[in-house]
1. Among 269, 283, which is the only one that is surrounded by fewer than 20 Cβ atoms within 10 Å (Cβ to Cβ), in a helix (DSSP H, G or I), at pLDDT 95 or above and in contact with a strand residue (DSSP E or B) (Cβ under 9 Å, 6 or more places away or on another chain)?
2. Considering 60, 98, 77, which residue is assigned to a loop (DSSP other than H, G, I, E, B), touching a residue at least 24 places away in the same chain (Cβ under 8 Å) and surrounded by 13 or more Cβ atoms within 10 Å (Cβ to Cβ)?
3. If I filter the range 39-56 for residues that are touching a helix residue (DSSP H, G or I) at 6+ places or on another chain (Cβ under 6 Å), in a loop (DSSP other than H, G, I, E, B), surrounded by 14 or more Cβ atoms within 10 Å (Cβ to Cβ) and touching a residue at least 12 places away in the same chain (Cβ under 8 Å), do I get at least one hit?
4. Being more than 25 Å from residue 293 (Cβ to Cβ) and in contact with a strand residue (DSSP E or B) (Cβ under 6 Å, 6 or more places away or on another chain) narrows it down to one residue among 126, 88, 69, 143; which is it?
5. Considering only residues that are touching a strand residue (DSSP E or B) at 6+ places or on another chain (Cβ under 6 Å) and surrounded by fewer than 22 Cβ atoms within 10 Å (Cβ to Cβ), which ones fall in the range 207-236?
6. Take residue 15 and tell me if it is outside any strand (DSSP E or B), under 29 Å from residue 321 (Cβ atoms) and at pLDDT below 95.
C-alpha cells in the first residue's frame, strides 16, 4: 500500500496567499515599493561593474557591512546582511523562538510574522487595534508572559501607520527582559519616518533592529535586509543563517548607494513631496485619509474598495492594496512616490470613484 510522504504538520496547516504576478507594466502602488525606482544613470553605472568574473564569485558581504556600519554609526560586529528582511525575520524567530511558545505582535501588521509563527509551530499572540486605530500599550505589556520568546514592534507599523513613543518602547523592552524575550523593532519604513530606536539595539541585551533596502532605497528585486543588534545576538543569528545569503548584486548596489547619500536624500524629498501632494489632493476631494508615516496612505473611497481596485487595474493599469481585515476593509492603501506617480493615480481615481 502506498504511503503518503511526510510533511511537517506546522507547514502543512499553514495557509499562504502569495503576491500577484505580471506587475512590471503596471503603475505599482500596491506593495510599498518605489514606483519609479533609482535614478537610471546610477543603475547604469553600477551595472558596468557586473562582469563575468563578478558573477562567478560567491558573495562577500563584509565590505558592504563595514561601510553600512559606518553609515549608520555602529560597529561591524553590530550588523549582518540577509536576503531581504523577510529572511531576517525567519532567522530571528528560528534563533530566539521556541515551538509551542509565544511571539507577541499587534494586529494587523506585516503578515510574515504570523506566517513564520505558523510554519515554525509558535503561538502567535496578536494584540488587536482599537476601532479608532490606536493600540492599548497595557494590552501589549499584559501579553508578555513567561511563555513569550519574541516581541515585535513595527515602527511605523504597516499597514495602520502608528508609531511608538520612547516611553512605550522602553516599557516593552523592560517587560520582555524580565522573561528573557527579545524585542524586534522593525524599521522597514525608517527613511520615511526618521525617528529610530537604534540606540536600544546597542545599549540593551535583548533588542534587535531590522532595516531593509526594498522601500525607499528601491532594491526590492535584489532582496537585501540588515539586522542590527549587540554582538552576542548578531553572533547567534549568524549561526542560523545560510552561508551565502545576501547576493552579490544586492550588496554591490547597496554599497554604491550608501556611498551616494545625495541620491538617498533625493529619494526622501521626492517621496515626501509626492505624499504631501497626494494627501492634499485627497482631502481637497473630500476623502477621509491617513498619513501612515511610511510610503503609503490609507484612504476611504466612495465606492466598494475591492471593486474600485479591480477597475483601476483593468482600465488604468493602476495597482493598489485592499484589505480583508475587519478594521481596514473599508480602506485602500496607496503606495506613495513622486508627484507624477501620484497624479497618475489621482487621474484614474477621478474617473472611477464616482
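The values are calculated or read from the model by the stated rules, or taken from the named source; none is laboratory data. Since we're looking at a predicted model, the values are computed, not measured. Glycine gets a Cβ as well: all are built from the backbone with ideal geometry, and neighbour counts include every protein chain shown.
1. Working: 269 fails: in contact with a strand residue (DSSP E or B) (Cβ under 9 Å, 6 or more places away or on another chain).
Step by step, each of 269, 283 is checked, and only 283 is surrounded by fewer than 20 Cβ atoms within 10 Å (Cβ to Cβ), in a helix (DSSP H, G or I), at pLDDT 95 or above and in contact with a strand residue (DSSP E or B) (Cβ under 9 Å, 6 or more places away or on another chain).
2. On the way: 60 fails: surrounded by 13 or more Cβ atoms within 10 Å (Cβ to Cβ); 77 fails: assigned to a loop (DSSP other than H, G, I, E, B).
Result: 98 is the single residue among 60, 98, 77 that is assigned to a loop (DSSP other than H, G, I, E, B), touching a residue at least 24 places away in the same chain (Cβ under 8 Å) and surrounded by 13 or more Cβ atoms within 10 Å (Cβ to Cβ).
3. no
4. On the way: 126 fails: more than 25 Å from residue 293 (Cβ to Cβ); 88 fails: more than 25 Å from residue 293 (Cβ to Cβ); 143 fails: more than 25 Å from residue 293 (Cβ to Cβ).
Exactly one of 126, 88, 69, 143 is more than 25 Å from residue 293 (Cβ to Cβ) and in contact with a strand residue (DSSP E or B) (Cβ under 6 Å, 6 or more places away or on another chain), namely 69.
5. 234
6. On the way: outside any strand (DSSP E or B): yes; under 29 Å from residue 321 (Cβ atoms): yes; at pLDDT below 95: yes.
Yes.
Here is a yes/no grid of residues against (1) in contact with a helix residue (DSSP H, G or I) (Cβ under 8 Å, 6 or more places away or on another chain); (2) under 27 Å from residue 272 (Cβ atoms); (3) part of a loop (DSSP other than H, G, I, E, B); (4) outside the structural domain of residue 147 (by TED's automatic domain parsing):
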| site | (1), (2), (3), (4) |
| --- | --- |
| 160 | no, yes, yes, no |
| 173 | yes, no, no, no |
| 194 | no, yes, yes, no |
| 199 | no, yes, no, no |
| 239 | yes, no, no, no |
